[in-house]
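In what follows, a structure is listed as structure tokens, so that the remarks can point back to it.
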Amino acid sequence: ADNTSSPAPIRSSWSGKWGFILAASASAVGLGNMWRFPYLAAKYGGGIFLLVYVVLVVTFGFALMMAETALGRKTGQSAIGAFSTLNKKWKFVGILASIVPFVITPYYALIGGWVTKYMIAYITTPASEIASDGYFTGFILQNPETYFYLIIFLLLTILIVALGVNKGIENVNRVLMPLLILMSIGISIYALTLPGALSGLAFYLIPDFSKFSVELVLGALGQMFYSLSLAMGIMITYGSYFSREHDLEHSVRRIEIFDTSIAMLAGFMIIPASFAALGSGEAVMTHAGPGLMFGVLPTVFNSIGALGPMLGFLFFMLVFFAAMTSCISLFETCTSIIADGFKLSRKTAILASGIFVVAMGIFVNMGYDNLLWMDPMHSLFGLGEYQDFQLLDFFDFISNTILMPIVALLTCIFIGYIVKPQAIIDEVKLSSAFKGEKLFVVMIKYVAPVLLVVILISYTLNTAG
Ligand code: PHE
């Protein structure tokens, strides 16, 4: 009785299953893993955050990623088309999801600019100076240089997308990613030898249940969407290129394991070291924020000695490439949304979304400059009594804490009750068995939507009250 059962024609495919896994991983692994995960884990009490995060990834994240990729493969379309093909009235979810990359890209590129700055600083500036107190804030606050790095990072991204050399960049990443992992392991091991770091390790690994809160779950949830590139339509598009010959479930599991391992590794690198520097879990929690990576790792490089500057340069260069591939994927998404939505040529779409992200990026950066007084987190949501928020935090909050949970909730309802889980299960089974079928159904129909509703409501009540 529905018109959705006939398989859509398959578009140009990835070169095999690993082509998909690698492309999705290049999009997934980025600043979310290296920069955002460690500071959230530190902010929300270490082990308990890690535990909640991992549980969410293997249950909810798994179900949602299966749903999105299968939705894409089934319809052969990206987000807006995929939703409207299955049900015209649900097109708005695709539209809502499409807003997310426009919110993320500008501030993502701003952090990308910071990374670029640090990479260059290790050539031009003594490691001890980069490690000194106030170096980071001195750089980001009211400093014209930040616009320069932001724009360089964005122009590079736009140029790569415009020239269509993304694949080449991904190949570079394929070589550099293993290097990033090896280096992170090396830095983690070294960081653990710092005095006091072992109690930091305990803080990171042993859950303290008294630190559990609704805010923590929402933070972990938003981070999971962000890091796995979920709830913003991207995995739908990626799934639309995935061939029916290959095992979807296996690929999704690989991406999750890879992405989560790298995030955990970044935590090993940063959290014990910040514990060593600050002396207690409470101190780590109050100091954790967007600047954590830029404050802690330089002190580690500075303590290494003669090799420090070279390692610092190498490290930030690797993070730069990881960030660049993710930003390319984000900008590519913005471009195709504009091109499809307004029926524009690719060239015009690149120009239009390029102008938008540059303008927005500058605006977000002004939050550290002449708009430092602006605090929409406080004025709109009543947040930030104890903490200073900037425009960057505001946009991060809008995408990760508000839009993505809402898109995820609507996707669950759409799959669970409108198209029905069976449609997704059938799609998955076209290529292989579906081992996590039961988990998938229970998560999509019951656990995830209930969890999301409870969390969103209690959070609203909390912040409103
Ligand atoms: N997942 C990326 C990261 O962790 C960010 C990203 C989100 C990239 C969405 C592409 C699309 O950094």
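The values are calculated or read from the model by the stated rules, or taken from the named source; none is laboratory data. Keep in mind the model is a prediction, meaning the values are calculated, not measured. Reconstructed Cβ throughout: ideal geometry from the backbone, glycine too, with neighbour counts over all protein chains shown.
Assigned to a helix (DSSP H, G or I) and buried (at least 17 other Cβ atoms within 10 Å of the Cβ): is that true of residue 457 in this structure? Break it down stepwise before answering.
Details: assigned to a helix (DSSP H, G or I): yes; buried (at least 17 other Cβ atoms within 10 Å of the Cβ): no.
When the stated conditions are applied, residue 457 does not pass them.
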Residues being within 15 Å of the ligand (Cβ to nearest atom) and hydrophobic (A, V, I, L, M, F, W, C) - total across region 236-256: 3
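To keep it simple, each residue is scored yes or no on (1) assigned to a helix (DSSP H, G or I); (2) modelled with pLDDT under 90; (3) within 16 Å of the ligand (Cβ to nearest atom).
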{"site": "293", "(1), (2), (3)": "yes, no, yes"}
{"site": "309", "(1), (2), (3)": "yes, no, no"}
{"site": "327", "(1), (2), (3)": "yes, no, yes"}
{"site": "331", "(1), (2), (3)": "yes, no, yes"}
{"site": "343", "(1), (2), (3)": "no, no, no"}
{"site": "349", "(1), (2), (3)": "yes, no, no"}
What are the residues in region 432-452 that are surrounded by fewer than 20 Cβ atoms within 10 Å (Cβ to Cβ) and part of a loop (DSSP other than H, G, I, E, B), if any? 432, 433, 435, 436
Can you run down the residue pairs with Cβ atoms below 6 Å, 6 or more apart or on separate chains, where the first is in region 217-230 and over 13 Å from residue 329 (Cβ atoms) and of a type outside the set (S, T, N, Q) and the partner is outside any helix (DSSP H, G or I) and more than 10 Å from the ligand (Cβ to nearest atom)? 219/44
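In region 123-142, what count of residues is obtained for those that are surrounded by 13 or more Cβ atoms within 10 Å (Cβ to Cβ) and outside any loop (DSSP other than H, G, I, E, B)?
Number of matching residues: 8.
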Do you know which residues across region 404-428 are touching a residue at least 60 places away in the same chain (Cβ under 8 Å) and among the aromatic types (Phe, Trp, Tyr)? 414
Within region 192-212, is even one residue more than 16 Å from the ligand (Cβ to nearest atom), crowded, with 18+ Cβ neighbours inside 10 Å and either farther than 30 Å from residue 455 by Cβ or hydroxyl-bearing (Ser, Thr, Tyr) (or both)? yes
Of (1) more than 16 Å from the ligand (Cβ to nearest atom); (2) within 22 Å of the chain's Cα centre (by Cα), residue 286 satisfies every one except (2)
Just checking, how many residues over region 150-171 are farther than 15 Å from residue 115 by Cβ and in contact with a Phe, Trp or Tyr (Cβ under 7 Å, 6 or more places away or on another chain)? 2
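Across region 217-235, which residue is farthest from the chain's Cα centre (by Cα) among those that are assigned to a loop (DSSP other than H, G, I, E, B) and within 9 Å of the ligand (Cβ to nearest atom)?
232
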